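Peer 1: Sharing a structure, written as structure tokens. Questions coming.
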Amino acid sequence: MVWEPGEEAWEAKLAALRSYRRATGHLAPRQDAVWTDPADGTQVPIGQHMANLRRKGAKNGLGKDPKRAEQRAAQLAAIDPDWNCPWPLDWQRHYRMLADLVEADGSLPEIQPGVLMDGDDIGKWLQQQKQPAVWARLLPEQQERLSTLGIKPLEAPSPAPAAKRAAKGPSKAQAAFQRGLAALAQWVEPEGADRPVPRGAVVEITVDGETEPVVVKLGVWVSNTKSRRDKLTQEQRDALRELGVDWA
């Protein structure tokens, strides 16, 4: 029997992942997360491990041999079927926290923004998922998973009552604001609301009626919107606050 050093390292990694999954209920750590293996007290960079394993193509941590990579992927799926989910691990981690609450209590309790679980503001994240613009960008399976937990999107704001304005549709300024808001919501999902939007940030969004993605200079839009925040409507301020914009 020949035992390869690489296989020994892989088995050690699997053991740490199993231990982490048993303790947390997921394989969706933050990328900087470090796990102390209860078996021997070893510090394991569990977040970096998962980031490496989920890399696309031949550069992932499954090995270059296709057959071996397939076997290792199956081993990971046996630990957690969602280890390589098609959405960000941050989303998966928040979802699993809520799913565990439902499994324990039978229903989802009321969770306000500011409620922390394992360092994550789970209440703030939950409110973000309910926003119509954020909900619309979720994959159908993500929407289904949230719906199973009893989470539904909030109703979109009703249009302005003025029939004339409704007939003409939104103004250019209103349309530009909605595009900027959609781009900001798209930025917040993977990056987090606490990370400032750099001046040069650019985001591509999907707009109804457009065949190609629309490019939004998000950093410029945020700066300009902040400079004229005294001219924003209450509805626009509320929409910005829902995405964690403190100056709104």
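Peer 1: Sequence-distant or interchain residues sharing an amide H contact under 5 Å with VAL207, placed H: which?
Peer 2: So VAL207 has HN proximity to VAL214.
Peer 1: Here's another thing I want to ask about it. Return the lysines within reach of LYS231: Cα separation strictly under 16 angstrom, same-chain partners fewer than 8 residues apart disregarded; answer none if there are no such residues.
Peer 2: Here the lysines satisfying the reach criterion relative to LYS231 are LYS172.
Peer 1: Okay, moving on. Mind computing the radius of gyration and Dmax over the alpha-carbon atoms of segment 55-119? Å is fine for both.
Peer 2: Reported Rg and Dmax, both Å: 16.3, 48.
Peer 1: Under 15 Å from the Cα of LYS152, which aspartates and glutamates turn up, not counting those fewer than eight places away in the same chain?
Peer 2: Result set, ordered by chain and number: GLU110, GLU141, GLU144.
Peer 1: Then there is this: Just grab the label-to-label distance for GLN178 and THR42, each label 7 Å out from Cα along the Cβ direction, in nm (one decimal).
Peer 2: About 5.5 nm separates the two model spin labels.
Peer 1: Between ASP238 and VAL34, how high is the FRET efficiency from 1/(1 + (r/R0)^6) when r is the Cβ-Cβ distance and R₀ = 41 Å? Nearest 0.05.
Peer 2: Efficiency, from the Cβ-Cβ distance: 0.60.
Peer 1: What span do the alpha-carbon atoms of the chain cover on each of the three principal axes, reported in whole Å from largest to smallest?
Peer 2: 81, 41, 30
Peer 1: In Å and whole numbers, how far do the C-alpha atoms of segment 1-67 stretch along each principal axis, longest first?
Peer 2: 31, 31, 17
Peer 1: Quick check: residue separation of LYS56 and LEU14 times 0.36 nm, minus the Cα distance between them. What number comes out in nm?
Peer 2: Difference between extended and current length: 13.2 nm.
Peer 1: Same structure again: If you average 1/r across every pair of different Cα atoms in segment 171-247 and take the reciprocal, what Kirkwood value do you get, in Å?
Peer 2: With all distinct Cα pairs of segment 171-247 included, I get 12.8 Å.
Peer 1: If we restrict to alpha carbons, what Rg and Dmax does segment 1-128 come to, in Å?
Peer 2: Both quantities, over Cα of segment 1-128: 16.3, 57 Å.
Peer 1: Can you pull the one-decimal nm distance between simple spin-label points at VAL214 and LEU116, each 7 Å off the Cα toward Cβ?
Peer 2: My value for the distance between the label points is 3.8 nm.
Peer 1: Between ILE79 and GLU141, what is the label-to-label distance in nm when each label sits 7 Å out along the Cα-to-Cβ direction?
Peer 2: Placing both labels 7 Å along Cα→Cβ, they lie 1.9 nm apart.
Peer 1: Okay, moving on. In Å and on Cα atoms, what radius of gyration and Dmax does segment 72-153 show?
Peer 2: 13.2, 40
Peer 1: Excluding LEU154 itself, what net charge comes from residues whose Cβ is under 14 Å from its Cβ, given Lys and Arg +1 and Asp and Glu -1?
Peer 2: Values: positive: LYS130, LYS152, ARG241; negative: GLU155, GLU235, ASP238, GLU242.
That works out to -1.
Peer 1: Taking the Cα atoms only, what angle lies between the long axis of helix 89-105 and the longest principal axis of the chain, rounded to 10 degrees?
Peer 2: 80 degrees
Peer 1: Which whole-Hz ³J(HN,Hα) couplings does segment 122-137 yield from phi under the Karplus relation 6.51 cos²θ - 1.76 cosθ + 1.60, θ = phi - 60°, glycine and proline marked x?
Peer 2: 5, x, 5, 4, 4, 5, 5, 5, 6, 5, x, 5, 6, 4, 5, 8
Peer 1: Applying the Karplus parametrisation 6.51 cos²θ - 1.76 cosθ + 1.60 with θ = phi - 60° to the phi angles of segment 40-49, what ³J(HN,Hα) value in whole Hz is obtained for each residue in order, glycine and proline being reported as x?
Peer 2: Working through the residues one at a time gives 9, x, 5, 7, 10, x, 4, x, 5, 4 Hz.
Coordinate-derived values only; no laboratory data. From a predicted model like this one, the values you see are computed outputs, not experimental measurements. Note that we place each Cβ from the backbone using ideal geometry, even for glycine, and neighbour counts take in every protein chain shown.
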